[in-house]
Structures are given as C-alpha cells and as structure tokens.
Amino acid sequence: MKRWITLPIFLIATVALGGIVGASTPPGEWYDNLAKPVFNPPDWVFAPVWTVLYAMVAFAGWRSWDRAKSSVPTKTWFIQFAVNLTWSPVFFGLQMMGLALIIIILMIALTAAFVKTSWRLDRLAALLMVPYLAWISFAAVLNATLWVMN
C-alpha cells in the first residue's frame, strides 16, 4: 500500500510542473507571427496532448522509481524531465530556436535511453514513453523547420 502513495505525487508533480512551465511561457505574439510549415498543428492541440503525455511520462517515471530508485532508468527519467522543462522557456521565452533545437535533441536522446534501459526491467514503463518520444521527435522537426523558415 505504501508504494502507491508516490504515484499521485509523480502524477501531480509532473503534470503541474509541465503545466506551470507551459503557462509561464505561452507562445504569444512572437510565435503567432512566425512563418509556419503546413504540418504545424493548431495551437489548441498542444495543451491536451501535453497533459496526456505528461501523465504517461509520470506513470513511467513512477514505475521506474518504484522498482529501483537509483537505477539508470530512474536517473535518466529525472534528467530527461528536467531537460524537458527547459525547452519552452528557451524556445518561447528567450526565442532562441537554435538552442531549443539542441535541447529537444537531448530530450530525444535521453528519452530513447530511458526506453532502452527500461525495456528489460519494465516494458510497460518503456512503452509509456514511446508516444512522448514520437511527439518530441515531431516537435524537433517542427522546431528545426520554424528555425529554418524564420
């Protein structure tokens, strides 16, 4: 029973931190005025997608934490999440698309490392990160395209 206490902590902390960072660095007028590729999703898509993804990321992180707190997957999960929280302030806040691209590529590498190192230990935790990996890979392509176009 005690182990289940940390699940809501992971869920609330992950979704809340992601939401706080997103809300504190909204796209704004700068982003609205950028030339965008045809595959750029409408703005309303991002909040619900990120909410679902953050919940999945939280559950994966909790499973990793619950199994082995100081394992490579758990440490990788925390590092990738910390890096994730820097992207929006760099892209939207500082308007530094090149640096944001480096950050998101690092996010992809760390997330792929989490999936790889988790696969044998906890396949569900690894699989929970795959949609997030796909989304941030798409976001990296979008980030790079916006940088080139602007």
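Values for this structure:
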{"quantity": "Test: residue in the stretch 10-18 that is closer than 24 Å to A100 by Cβ, touching a helix residue (DSSP H, G or I) at 6+ places or on another chain (Cβ under 6 Å), not in a helix (DSSP H, G or I) and not aliphatic (A, V, I, L, M)", "calculated": "no"}
{"quantity": "Test: residue in the stretch 71-90 that is open to solvent by 30 Å² or more (accessible area, probe 1.4 Å), within 21 Å of Y31 (Cβ to Cβ) and either more than 11 Å from the chain's Cα centre (by Cα) or free of Cβ contacts under 8 Å to residues at least 12 places away in the same chain (or both)", "calculated": "yes"}
{"quantity": "Top-ranked residue in the stretch 22-53 [being within 18 Å of T86 (Cβ to Cβ) and assigned to a loop (DSSP other than H, G, I, E, B); ranked as most open to solvent (accessible area, probe 1.4 Å)]", "calculated": "P26"}
{"quantity": "Criterion violated by T74 - all others in (1) within 19 Å of I103 (Cβ to Cβ); (2) at pLDDT 95 or above satisfied", "calculated": "(1)"}
{"quantity": "The listed residue being surrounded by 15 or more Cβ atoms within 10 Å (Cβ to Cβ), assigned to a loop (DSSP other than H, G, I, E, B) and not charged (D, E, K, R), out of L121, L106", "calculated": "L121"}
{"quantity": "Cross-chain or 6+ apart pairs with Cβ under 9 Å, the stretch 51-65 first and in contact (Cβ under 8 Å) with a residue 40 or more places away in the chain, then acidic (D, E)", "calculated": "A60/D122; R63/D122; S64/D122"}
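The values are calculated or read from the model by the stated rules, or taken from the named source; none is laboratory data. Small disclaimer: the values here were computed from a predicted structure and weren't measured. Don't worry about glycine lacking a Cβ; one is built from the backbone with ideal geometry, like all the others, and counts go over all protein chains shown. To get the accessible areas, we keep the full protein, side chains included, count just its heavy atoms, and leave off ligands, DNA and RNA. Shrake-Rupley method; radii C 1.70, N 1.55, O 1.52, S 1.80 Å.
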